[in-house]
1. May I ask for the longest run of the chain untouched by GluC sites (Glu not before Pro) that are loop-located per DSSP and have at most 13 neighbouring C-beta atoms (other than their own) within 10 Å?
2. If you count only protein heavy atoms and use a 1.4 Å probe, how large is the accessible surface of TYR288, to the nearest 10 Å²?
3. Can you list the equivalent-ellipsoid semi-axes of the range 117-157, largest first and in whole Å, using the square root of 5 times each Cα gyration tensor eigenvalue?
4. With every protein chain in place, what's the accessible area of PHE279 (1.4 Å probe, Å², nearest 10)?
5. Ignoring ligands, DNA and RNA, what percent of the accessible area of the range 84-220 is carbon or sulfur (1.4 Å)?
6. Give the value in nm², to one decimal: projected area of the alpha carbon convex hull of the range 55-186, averaged over all directions.
7. Write down the accessible area per residue of the range 1-59 in Å², having rolled a 1.4 Å probe over the full set of protein chains.
8. What are the extents of the Cα atoms of the range 179-257 along their three principal axes, listed from largest to smallest and rounded to whole Å?
Amino acid sequence: NKQAIATIQNNKEQVRLLSQLPFTAMNVANLYAQYFPSSYRDSIHIYLDIALQKGIETKQYTVVANSYGMMSDLALAENKLDKAESLLNKAAGVIMQDNMPDQHTLSQVFLNLSKIAERKKNYRSALQYYKQHSEVHQSIFDAEKMRIGKSLAARYEAEKKEQQLAAMQHKIIFSKKLNTVYFVLAITFLFALLLLYYAYMQRNKTLKQQELVHQLEIEKINQKHQISLLSAMLEGQESERSRLARDLHDGLGGLISGIKLDLAERTNSLREQASKSIFTPVLKHIDYAIHEL
C-alpha cells in the first residue's frame, strides 16, 4: 500500500485516476489501527490526513466519512467524547453530500453517535440517533429486499426465457426430425414409385415377349400347316405323276409296243426286200416314240 501511495504521488502527471490514493491511504491507516501497537498512532493520523485531503479533492465522500469514523474511534480510545461526536457528525454531513450516499456507513455513524450520547448520559439524543440508525438500517433492509426481489424476478425471467429458449430449441429439433421423417418418407415413396414403374415396365416387356412368343408359335403352326398342305400337294402331285407315268407306260406304251410288234411281224411276212425297206423308217419312228414315252 505504501508503494502504491508513493507511486501515485511521484507520478501525479501520468496517473489520471487519483481516486485510488485516498482508498490506499485509508487502507494503510486501517492496518495500523487494527494490527500495530498504539505507538503507531501518529502514522494512523498521517495516512488519515492523506485520505481526508485526497478524498475531498476527488469527491470520494465515503472514504472521507470512514476516515472521520476512524478518527472518532481514536478519540473514543482517549475518552474524548465531544471530539468523537463532532467527527461523526462531520462524517454524516460528508456522506449526505454524495449523490448516492453509502447507507451502511451512515447507519454505522448514527449507531456510534447513539452510543456516544448514551455514554454522555444524553439519552434523548441517544434515542434520536438510534431511531435514525434504525430508519437507515430499515431502508438498507428494504433496499436489500428489493434488490433480492429484483434479483429473483430477473432470475425468474431468465429461467423463463431459458425455458422458452429450450422449448424453441426442442421445437426446432422436433421440426428437424419431422423434416427428416418427411424427407425419408418422400424418398421411400419415390423409390416405391420407381419400383412400381420398373415392375410395370418389366411386366409390359414380359407381356410383349409372351405376345411375341405366341405370335411365333402361331406362325410356326401356320408354317407347319402350310408345310403339311405343301407336303400333301406334293404327295398328290407325285402320286398323280406316278399314275400318269404308269398309265402312259402301261397303256400307251403297251399299245405302241403292240403296234411295233404287229408291224414287225407283218414286215417279216413280206417276201420282197423292197417292200420290207418301206416299213423300216416307220419302225424307227415307233422306236423313237417308245424311247420318248
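1. The segment 79-271 is the longest one with no such site.
2. Roughly 140 Å² of TYR288 is accessible to a 1.4 Å probe.
3. Its equivalent ellipsoid spans semi-axes of 36, 6, 4 Å.
4. 70
5. 62
6. Dividing the Cα hull surface by four gives the mean projection, 12.4 nm².
7. With the other protein chains kept in place, the range 1-59 gives 68 Å² per residue.
8. 111, 10, 6
The values are calculated or read from the model by the stated rules, or taken from the named source; none is laboratory data. In this text the structure is predicted, and so the values were computed from the model without any measurement. Note: ideal-geometry Cβ built from the backbone for every residue, glycine included; neighbour counts use all protein chains shown. Ligands, DNA and RNA are excluded from the accessible area calculation, which covers all protein heavy atoms including side chains. Shrake-Rupley method; radii C 1.70, N 1.55, O 1.52, S 1.80 Å.
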